[in-house]
Amino acid sequence: MSRSGGPPYFADRIAEMFRKVLVANRGEIAVRVIRTLREMGILSVAVYSDADRTSLHVRMADEAERIGPPPSSESYLLIDRIIEAARKHGAEAIHPGYGFLSENAEFAEACEAAGIVFIGPSAASIRAVGSKTEARRVAMAAGTPVTPGTEHAVTIEEARAFAGEYGYPLILKAVAGGGGKGMRVVEREAELEPAYRLAASEAERSFRNADIYVEKLITRARHIEIQVLGDRHGNMIHLGERECSIQRRHQKVMEECPSPLVAMYPEMRREMGEAAVRAAAAAGYHNAGTVEFLVDEDRKFYFLEINTRLQVEHPITELTTGLDLVRLQVEIAAGARLHLKQEDIHWRGSAIECRIYAEDPYNDFLPSPGKITRLNRPLGPGIRIDAAIYQGWTVPIDYDPLLAKLAVWAPRREQTTDRLLRALREYDVGGIRTNIGFFRQILEDRDFRAGRLHTGFIEEFFKRNAPPKMPREYAAAAALAAALHASRVTENATAAAASSPSSSAWVQAGRNDLLR
Ligand code: MV4
């Protein structure tokens, strides 16, 4: 327990560590947080909706409280319900995970008002960077470069005037936005007005704020983010970058550390890291945060936004730095002083994460919830899986269909990609469709292998390979199934053939593919 031994991160023992923490989330991130709480000797309280009664986070927590019916608007998004659950169970702090209430300033405030510690930044800094134009002002004042853009929300006429000065293409963004919602690329004048209206109405629907501002579009850019970490005593460091250029419809699909570009130009990590720390410090930030940048083809970087939560992709930073970000978050929230100095942070090896979803890559990535009838997961050197699924569990339709994060570490990127391919071949999920096969295609792509990544990668990948084709063995399986059916081979005979002693694990994995 940290109270006796003390982790290496902090100079002083923490006088007041929490005894019990409520986890205001579900799925893999709730499980991830509960695991660290257990290592720290802190009791955990899970909350769950009716759709999650049998979920792993509920089983793994020390205590659990039902908070409502399946829709998140009636459960995981209900501030009062969650605070009431924390009170009832005597939790002194709440970890919000990502999504749901994690970046909600009102929630952080409500926690404080209830005398409960919100494990994250202050409500004031969540609010400050929640406005994208305000975040840009803060970054600029801190000397962090931002994309050319307007300082405030604009009318269509003002957007046109901006285009007159900077030209097309440009990008319309929601002031209250983030993560691509209410965003529209405008290639030419004729598209401006309809794009503006679409962006504004989407922003209104998503954020109840229709304000739109304009930026010059940076094309074929990389999306690289910096992990920062600050305590409540004014100390702030960065934990390096994550390359997140492989995205589909503004959903990250794969992330890696180091960025293949930063691996070629190591000074970029220090420059972007310092720029990120300056911007976050100027926002009065504490706890874990992420500063997003775009990096153009001339390696110039531009501040995009600050995410005030623990990110989905944090495991690759943990794998390459050896740190436990959740532990650091909890200790910082408890008031501990960050003992780590920038020069104490060292990066080792290469890590890549794949977001494994219950979706059908051969049918426009449509969600594919349902019962998991078979689950065989990869194991062995360099494998980390963050997941909350088990055989026999039904993936609910009510939430994001993320099944697992497969993160792989190896000393060098080429070994990481080989290892990832090995792990993906071992990964066998039955009963539902997943995007596992799609990752194998990406990993075999020449541009991916060469580290030539940019935000248009997936789109170009689809053009090269369009449409995502059924693997040959998939089609072969259909033919095999038809043949077996026609010859009325008994189930027993098929089962015997499938378990013949000559089959290696890899051949078996291939067969599982065929039988899927
Ligand atoms: C941009 C951009 C290019 N130029 N801004 C996407 C999410 C949000 N955090 C900011 N994003 C972007 N902002 C300027 N001025 C490119 C992205 C972007 C992107 C755009 C289109 C399609 C995929 C993308 C993936 C990552 C980032």
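Below is a table of values for the structure above.
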item	result
Residue match in the stretch 242-262 (condition: away from the ligand (no atom under 15 Å from the Cβ), open to solvent by 10 Å² or more (accessible area, probe 1.4 Å), part of a loop (DSSP other than H, G, I, E, B) and under 30 Å from Gly143 (Cβ atoms))	yes
Count of residues meeting criterion [out of contact with any Ser or Thr (no Cβ under 6 Å at 6 or more places or on another chain) and either farther than 30 Å from Thr373 by Cβ or assigned to a loop (DSSP other than H, G, I, E, B) (or both)] in the stretch 427-456	13
Filtered residues of the stretch 220-240 (kept if open to solvent by 10 Å² or more (accessible area, probe 1.4 Å) and within 16 Å of the ligand (Cβ to nearest atom))	Arg220, Arg222, His223
Qualifying residue in the stretch 142-155 (condition: without any contact (Cβ under 8 Å) to a residue 40 or more places away in the chain, under 26 Å from Ile458 (Cβ atoms) and open to solvent by less than 40 Å² (accessible area, probe 1.4 Å))	no
So Arg270, is it assigned to a helix (DSSP H, G or I) and of a type outside the set (Val, Ile, Thr)	yes
Selection count where residues are within 16 Å of Arg384 (Cβ to Cβ) and open to solvent by 10 Å² or more (accessible area, probe 1.4 Å), scope the stretch 302-332	8
Strands (runs of 3 or more DSSP E) fully within the stretch 342-417 counting 1 or more residues that are touching a residue at least 40 places away in the same chain (Cβ under 8 Å) and open to solvent by less than 20 Å² (accessible area, probe 1.4 Å)	350-357, 383-387, 402-410
Subset of the stretch 173-190 [surrounded by fewer than 16 Cβ atoms within 10 Å (Cβ to Cβ) and more than 18 Å from Arg248 (Cα to Cα)]	Glu187, Arg188, Glu189, Ala190
Unmet criterion (only one of (1) of a type in the set (D, E, K, R); (2) closer than 21 Å to Thr147 by Cα; (3) in contact (Cβ under 8 Å) with a residue 24 or more places away in the chain; (4) surrounded by fewer than 16 Cβ atoms within 10 Å (Cβ to Cβ)) for Glu193	(2)
So Leu453, is it more than 16 Å from the ligand (Cβ to nearest atom), open to solvent by less than 80 Å² (accessible area, probe 1.4 Å), modelled with pLDDT of 95 or more and under 30 Å from Gly322 (Cβ atoms)	no
Looking only at the stretch 39-95, and only at residues there that are more than 22 Å from the chain's Cα centre (by Cα) and without any contact (Cβ under 8 Å) to a residue 12 or more places away in the chain, the one that is surrounded by the most Cβ atoms within 10 Å (Cβ to Cβ)	Leu78
Residues of the stretch 298-324 that turn out to be under 29 Å from Arg452 (Cβ atoms) and either under 17 Å from the mean Cα position of the chain (by Cα) or assigned by TED's automatic domain parsing to the domain that holds Ile171 (or both), as a count	14
Test result for Ser102, more than 19 Å from Asp231 (Cβ to Cβ), modelled with pLDDT of 95 or more and touching a Gly at 6+ places or on another chain (Cβ under 6 Å)	no
Some residue of the stretch 130-144 being in contact with a Leu (Cβ under 8 Å, 6 or more places away or on another chain) and farther than 22 Å from Glu331 by Cβ	no
Residue check for Glu297: within 16 Å of the ligand (Cβ to nearest atom) and either closer than 22 Å to Arg35 by Cβ or among the small types (Gly, Ala, Ser) (or both)	no
Meets criteria (open to solvent by less than 10 Å² (accessible area, probe 1.4 Å) and outside the structural domain of Gln251 (by TED's automatic domain parsing)) for Leu170	yes
Residue count for the stretch 385-442, restricted to those that are out of contact with any strand residue (DSSP E or B) (no Cβ under 8 Å at 6 or more places or on another chain) and basic (Lys, Arg)	3
Conditions (1) in the same structural domain as Gly456 (by TED's automatic domain parsing); (2) surrounded by fewer than 16 Cβ atoms within 10 Å (Cβ to Cβ); (3) within 15 Å of the ligand (Cβ to nearest atom): number failed by Arg270	(3)
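The values are calculated or read from the model by the stated rules, or taken from the named source; none is laboratory data. Just so it is clear, the structure is predicted and the values come from calculations on it, not from any experiment. Using ideal geometry, Cβ is built from the backbone for each residue, glycine included, and neighbour counts are taken over all protein chains shown. Areas reflect the complete protein model, heavy atoms only, side chains present, ligands, DNA and RNA absent. Shrake-Rupley method; radii C 1.70, N 1.55, O 1.52, S 1.80 Å.
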